[in-house]
Amino acid sequence: MLENCPEVTAILSLSQLNAMGAMQVIKEAGKNIPEDISLITLDDNPLFAYLSTPLTSVDQPNEAIGIETMQLLIAQINGESNSTEQKVLKTRLILRDSVKILNTPDEA
């Protein structure tokens, strides 16, 4: 991917396993995280803090997602729910060292 898209400066991985693979591919391409490519993943893992480049992540409330999903499904089965009902659950950005901080226009 990096050979075909040399302009890539950031990657959002949708899983921990893909993030680990992306770290390896970036390294093999001779690029550095975060200087050349920023990397962020969904679903935090406390071990990400101990990687050679600590990995920034979006921590999702997986247990709450499961509970809300089951409640919506049961309500749907019982005919008690509107199929367009939406729930918004809080996420948390855990900043580590894998994202390059860019200057804001005021800082340039």
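Every read-out reported here was derived from the displayed coordinates using simple, explicitly stated rules and does not represent laboratory data. Quick caveat: nothing in here was measured; it's all calculated off a predicted structure. Backbone-built Cβ (ideal geometry, glycine too); neighbour counts: all protein chains shown.
Here is how the numbers come out for the structure above:
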| read-out | value |
| --- | --- |
| Cα-Cα P(r), the stretch 41-98, percent of pairs per 5 Å interval | 4, 17, 21, 15, 11, 10, 9, 7, 5, 2, 0 |
| Normalised contact order of the chain, rounded percent, pairs of Cα under 8 Å and 6 or more residues apart | 27 percent |
| Radius of gyration and Dmax over the Cα atoms of the chain, both given in Å | 18.4, 58 |
| Options 46, 18, 91, ranked by Cα towards positive dipole end of the chain, top entry (Cβ charges) | 46 |
| Expected 222 nm ellipticity per residue - DSSP helices of 4 or more, -39500 (n - 2.57), all of the chain, to 500 | -8500 deg cm²/dmol |
| Those lysines that a straight Cα-Cα span of less than 26 Å connects to residue 27, excepting residues fewer than 8 apart in one chain | 100 |
| Those aspartates and glutamates that a straight Cα-Cα span of less than 14 Å connects to residue 31, excepting residues fewer than 8 apart in one chain | 3, 7 |
| Extension gain from residue 27 to residue 47, taking 0.36 nm per residue of separation minus the Cα-Cα distance | 5.3 nm |
| Folded to 0 to 90 degrees: helix 62-77 orientation relative to the chain principal axis, Cα | 30 degrees |
| Under Karplus coefficients 6.51, -1.76 and 1.60, residue-wise ³J(HN,Hα) of the stretch 32-48 in Hz, glycine/proline x | 10, 9, x, 4, 9, 9, 7, 9, 9, 9, 8, 6, 6, 9, x, 5, 4 |
| Nonlocal amide H pairs with residue 37, under 5 Å, H built at 1.01 Å | 32 |
| Calculated from backbone phi, Karplus (6.51, -1.76, 1.60) coupling profile of the stretch 21-31 in Hz, x at Gly/Pro | x, 5, 4, 5, 4, 4, 4, 5, 7, x, 9 |
